[in-house]
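Throughout, read-outs are computed from the coordinates displayed, never taken from laboratory work. This is a predicted model, so every value here is computed, not measured. With ideal geometry, Cβ positions are generated from the backbone for all residues, glycine too; neighbour counts draw on all protein chains shown.
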Amino acid sequence: MEVEDINTIAVLGAGSMGHGIAEVAAIAGYDVNMRDINEEFVQSGYDDIEWSLDKLAEKDQLSRDEADAALERVTPLVDMEEAVSDAEFVIEAVPEQMEIKEDVYEELESAAPDHAIFATNTSSLSITELASFTERPERFCGMHFFNPPIRMQLVEVISGAETDEKTLEVTEELAEAFDKTPVRVHKDSPGFIVNRILVPLMNEACWLVTEDEATIAEVDSTTKYGMGLPMGSFELGDQVGNDVSYHVLDYMHDVLGEAYEPAPLLEEKVENEEFGRKSGKGFYDYEDGDGVQIP
Ligand code: 3HC
């Protein structure tokens, strides 16, 4: 299959990454079937796309007509068969847990056309292991977007052990059609490149606060103003989602060892369901509080 043969893209998962990827694909002119496991989740993702497109139109980053046309190209769905049966390319962006992904791939494999390429937006899990849940490991790769997908330029394209060259090329060309910059990652290692560097940085910030060596405000002002990051470390954690960072670290801890042990502060945030912006509260309070306050 060539990239020109792709008309319909199915995005599985309508959470912060799934809806953002669906939005990017729709803006690029693709018909997008965005699927989640219930009406509430899929509607919430659809509302987020509408909000974002309105923002882009308000700021003249898209015309009103382009924004409306992009929204029209997105179909929110709950039924897996309906979502994937006419898709040439499927991007999976469901929660970062191997067992959840395994169930999704089982259902997906029997509903998707044989020629469709499967790409996973996993943040850290083994592409080779995820591919083994399907019958098409040669047409399976990582396509890792960054949060928020509408604003972040990079897409890591990761090869599994059996991914064929054509699949990687088509995925890179698709990322370019989305107006993104693909970077090929040849080794399927935990966290790939960005998360292997970035998530331990955010974890180290949590250890500093756990051990009472710094405050959140101190860490965020130093990481933002001294290290040239666009956001403070905790601000970024809230943007990415504390549950996502935790699952990435937990997996790296299992596979790579002690150095990646999640800090108690991060664990506590996940236990309290303080996931960050998406839940209204994380290291900062976005609902009743003043949001991010970096001196
Ligand atoms: N769509 C449209 N507009 C949006 C939006 C969206 N999805 N999200 C935020 N906005 C709007 C805001 O509402 C705000 O609008 P306002 O000005 O009217 O209030 C505006 O965009 C925010 O713009 P700012 O001027 O505050 O910020 P910038 O535009 O300068 O930059 C940013 C925003 C691009 C997010 C920048 O802060 C950044 O690059 N942050 C770092 C993000 C990052 O590193 N992401 C990668 C994390 S790792 C990851 O995702 C991997 C995963 O696997 C864990």
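Quick notes on this one:
- Neighbour counting of Cβ atoms within 10 Å sorts the residues Met227, Met17, fewest neighbours leading, into Met227, Met17.
- In region 206-252, Rg over Rh equals 1.00, where Rg is the alpha-carbon radius of gyration and Rh the Kirkwood radius from pairwise Cα distances.
- Low-density loop positions, trypsin sites (Lys or Arg not before Pro), region 1-95 - DSSP coil, at most 15 other Cβ in 10 Å: Lys59
- Alpha-carbon gyration tensor eigenvalues x 5, square-rooted, for region 74-225, Å: 32, 17, 16
- Rg to Rh quotient for the chain, alpha carbon positions, Kirkwood Rh: 0.96
- Ranking of Leu154, Leu62, Leu266 by neighbouring Cβ atoms within 10 Å, starting from the fewest: Leu154, Leu62, Leu266.
- Structure-based [θ]222 nm, the chain - -39500 (n - 2.57) summed over DSSP H runs of at least 4, per residue, nearest 500: -14000 deg cm²/dmol
- Region 199-295: GluC sites (Glu not before Pro) in DSSP loop, at most 12 other beta carbons within 10 Å: Glu211, Glu213, Glu273, Glu287
- Backbone N under 11 Å from the Val78 label point (7 Å along Cα→Cβ), restricted to region 20-59: 36-43
- Within straight-line reach of Lys278, meaning a Cα separation under 26 Å, sit the following lysines at least 8 residues removed in sequence or on another chain: Lys55, Lys59, Lys101, Lys180, Lys224, Lys269.
- Relative contact order of region 97-165, defined on C-alpha pairs under 8 angstrom at six or more residues apart (%): 30 percent
- Positive contributions from Lys and Arg (+1) and negative ones from Asp and Glu (-1), summed over other residues with Cβ under 11 Å from the Cβ of Asn121, come out at -2.
- Fewest neighbouring Cβ atoms within 10 Å first, the residues Thr128, Thr122 line up as Thr128, Thr122.
- For region 1-151, the share of alpha carbon pairs falling in successive 5 Å distance bins from zero is 2, 10, 21, 23, 21, 13, 6, 3, 1 percent.
- A Cβ-based charge dipole, computed about the Cα centre of region 244-295 with Lys and Arg at +1 and Asp and Glu at -1, lands at about 260 debye.
- Compared with the direct C-alpha span, the chain from Arg184 to Glu261 gains 24.9 nm at full extension, assuming 0.36 nm per residue.
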